Structure formats: C-alpha cells, structure tokens
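For reference, the structure discussed in these notes is given below.
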Amino acid sequence: MASRSDRVRKHPERGKGHFEFTCPECGGHELVQDLEKGEKICASCGLVISDHRIDTGPEWRAFTNDEKDARSRTGAPTNYAIHDKGLSTMIDWRDHDSQGKKFSARRRSEIYRMRKWQIRTRVHSSVDRNLAQAMSELDRLASQLGLSKSIKELAALLYRKLIVRRLARSRSIDAMVGAAIYAACRLRRAPRSLEEIARHSRVSKKKIGQHYRLLVEKLKLRMPISDPANYVPRFITQLGLPGEVQKKVLEILEQAKKNRSLVTGRDPRGLAAAAIYIASILTDHRVTQRDIAMAAGVTEVTVRNRYKELVQKLGITMMP
C-alpha cells in the first residue's frame with residue numbers, strides 16, 4: 001500500500017518556463033496532485049481543480065527488475081485473436097501525409113509499391129496465411145455467437161497451438177475454428193452447443209465434433225464435465241425471466257446432482273430447460289415448454305421427459 005506522501009505530491013505551477021496557476025477560489029499558486037485519485041487540488045483552500053488526470057504509465061505491474069524487463073513494451077498489448085498478434089504495421093490507403101497534403105504522382109506510386117509489399121510480408125508463409133483466414137472466421141463466429149473477449153482469445157490460443165506445432169495438417173480451417181470455440185466455451189464454463197456453433201458456421205455439426213475430438217486429443221486437454229447450471233443464466237436472459245426464477249432453478253439442479261441417475265447420461269441443456277420450467281411454475285412466472293425448448297435448443301419432448309423425472313425423483317409438489 002502506497003503511503004500518503006507517495007500518492008500526494010506538491011506541484012508549484014509558477015516560475016520561468018511554466019504556466020502560472022492561480023486558484024479561482026483563493027488566488028493561491030500551489031497545486032497538490034493526488035496520484036491515486038487523479039486529482040489536482042489547491043494547497044491553500046482544498047478546491048479540486050481537476051479530477052480526470054490520465055495515467056500514462058503501463059497497465060501492468062512488476063516487482064523485480066527481471067519482471068519489469070520481460071513485460072516492458074511499446075504500443076498495445078498482444079492480441080492472439082489477430083493473426084499477427086497486432087504487432088505488425090499498416091500503411092494507410094489514403095494518399096496524403098500527416099498534415100493532409102496530397103502526395104505527388106511519383107510519391108503516390110512509391111507508397112503504392114510499399115503498401116503492396118507490406119501486405120505481402122504480413123502473410124508470407126503458409127502458417128501466416130492459415131492464421132489470417134482462421135482469425136477472420138473466428139472473429140465472425142464470435143460476433144455471431146456473442147462471445148466474450150476472454151473466450152475469443154482462448155479459442156485463438158488453442159487454434160494457434162495446433163497450427164504452429166503442425167498437429168492438424170490438411171484439416172478444414174472452418175471446422176477447426178468451430179472446434180476451438182466449442183472447447184474454449186466449455187473451458188470458460190460458458191458452454192455453447194455444437195448445433196448452435198454449426199448454425200453459424202459453414203460446416204456441419206458432425207465435422208465440428210470430429211475436429212473437437214482431434215483438438216482435445218492433440219493438445220491433451222482435460223475438459224470439464226458439462227454442468228446444467230452453466231447454461232441457466234443465458235436461458236433465463238433469453239426468456240426474460242427474473243432473478244428469483246434463476247435462484248430457484250439453481251436450487252433444483254443442486255438437488256438433482258445428489259441423485260446421480262438424474263444427471264448421468266442426460267443432456268445438460270435438457271435438464272436446465274426442465275428445471276427452468278419447474279421453477280417458472282413454482283414462482284408463478286409461467287413460460288411454455290415450447291418457448292423454453294426453443295431457447296435451450298432441445299425438443300419439447302425432452303423438456304417433458306426431464307420435467308417428469310425431476311418432479312418424481314425429487315418429490316416436488318407442483319402448483320395446479
């Protein structure tokens with residue numbers, strides 16, 4: 001924890017080479033900077049002059065010299081979801097300089113050649129070309145599915161490991177990207193079904209499933225078991241139900257886990273859908289089985305079957 005003296009610094013704003021500061025309240029000429037809060041305060045009367053100081057330092061912290069040297073860099077942090085990690089340069093397509101002046105014809109032709117070769121050098125190898133196409137598809141799929149940045153970056157990292165190590169030669173790029181997204185969603189406990197990914201992808205569910213098994217095998221991943229509770233927040237949001245229903249759903253699923261016969265071999269989406277249907281009746285926020293089935297991506301028959309099993313084996317008394 002930084003001491004008060006470290007966080008607050010007196011800063012006289014007067015003298016040669018400096019803009020002379022005068023407090024509008026008391027006429028004082030001495031400022032105090034609170035580095036933690038980002039405020040400039042008059043030392044005489046305590047008036048806050050500015051409260052939006054921008055910290056120009058790095059966003060990372062380092063505790064040793066070696067750690068500082070390893071983390072120090074310029075520019076934006078690396079991004080695995082961009083094929084070159086965001087570290088390459090780009091020559092703008094507009095033909096004018098920083099002052100807005102148009103280039104001469106000779107200069108324009110030089111810039112055109114530089115731009116052409118710069119684009120070629122960014123994707124000069126087969127791995128770079130593969131990554132460029134894959135990251136474009138990943139960006140499209142992540143946008144369609146509404147995935148978070150952390151899931152997108154993890155999917156990109158999984159795909160990179162396969163390609164850079166040449167563990168998946170002659171494989172469909174679209175299918176492998178879909179498999180990486182499916183794996184990343186499961187690892188981040190925000191699962192999406194293969195059907196949902198295949199709906200937005202250019203390949204079938206079967207092909208994505210095959211590539212997913214290949215990815216898990218090659219990278220030796222230990223995938224967590226699908227938990228019905230992980231699907232609940234998304235389904236509740238899609239159905240527009242209140243938090244009271246979600247709380248009741250999680251209670252029902254927690255009871256169901258104690259009875260292994262209810263969970264083993266069951267589609268977690270079907271269990272989550274049935275629990276939502278039960279909770280909606282118990283809390284008097286009724287939703288039809290059809291609406292729940294559409295949100296969960298399962299059939300109404302599945303919802304009914306899982307609903308009957310939960311009510312019977314957990315001894316739940318349903319309201320008429």
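The values are calculated or read from the model by the stated rules, or taken from the named source; none is laboratory data. None of the values given here were measured: they were computed from a predicted structure. Positions of Cβ are generated from backbone atoms using ideal geometry, with glycine treated the same way; all protein chains shown enter the neighbour counts.
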Over the stretch 231-245, the set of residues crowded, with 19+ Cβ neighbours inside 10 Å and not aliphatic (A, V, I, L, M) is TYR231, PHE235
How many residues of the stretch 233-261 are outside any loop (DSSP other than H, G, I, E, B) and either among the hydrophobic types (A, V, I, L, M, F, W, C) or in contact with a Lys or Arg (Cβ under 8 Å, 6 or more places away or on another chain) (or both)? The answer is 10
Of GLU217, GLU153, GLU195, the only residue that is without any contact (Cβ under 8 Å) to a residue 12 or more places away in the chain, assigned to a helix (DSSP H, G or I) and of a type in the set (Asp, Glu) is GLU217
*Could you check, for the stretch 268-282, whether at least one of its residues is of a type in the set (D, E, K, R) and buried (at least 19 other Cβ atoms within 10 Å of the Cβ)?*
yes
Looking across the stretch 269-313 at residues that are more than 23 Å from ASN259 (Cα to Cα), part of a helix (DSSP H, G or I) and in contact (Cβ under 8 Å) with a residue 40 or more places away in the chain, the single one that is nearest to the chain's Cα centre (by Cα) is ALA295
Reported set for the stretch 198-214 where residues are more than 19 Å from the chain's Cα centre (by Cα) and part of a helix (DSSP H, G or I) is ALA198, ARG199, LYS205, LYS206, LYS207, ILE208, GLY209, GLN210, HIS211, TYR212, ARG213, LEU214
Do the conditions hold for MET90, that is, is it in the same structural domain as LYS206 (by TED's automatic domain parsing), outside any helix (DSSP H, G or I) and either over 30 Å from ILE208 (Cβ atoms) or at pLDDT 85 or above (or both)?
yes
| Is it the case that LEU162 is surrounded by 13 or more Cβ atoms within 10 Å (Cβ to Cβ) and not in a helix (DSSP H, G or I)? | no
Filter the stretch 139-150 for residues that are part of a loop (DSSP other than H, G, I, E, B) and touching a residue at least 24 places away in the same chain (Cβ under 8 Å); the one that is farthest from ILE197 (Cα to Cα) is SER148
Note on the stretch 170-180: residues touching a helix residue (DSSP H, G or I) at 6+ places or on another chain (Cβ under 9 Å) and in a loop (DSSP other than H, G, I, E, B) are ARG171, SER172
From the option list LEU145, LEU157, LEU167, single residue qualifying as within 18 Å of TYR80 (Cα to Cα), surrounded by 12 or more Cβ atoms within 10 Å (Cβ to Cβ) and of a type outside the set (Gly, Ala, Ser) is LEU157
Quick check on the stretch 246-256. Is at least one of its residues surrounded by fewer than 17 Cβ atoms within 10 Å (Cβ to Cβ) and β-branched (Val, Ile, Thr)?
no
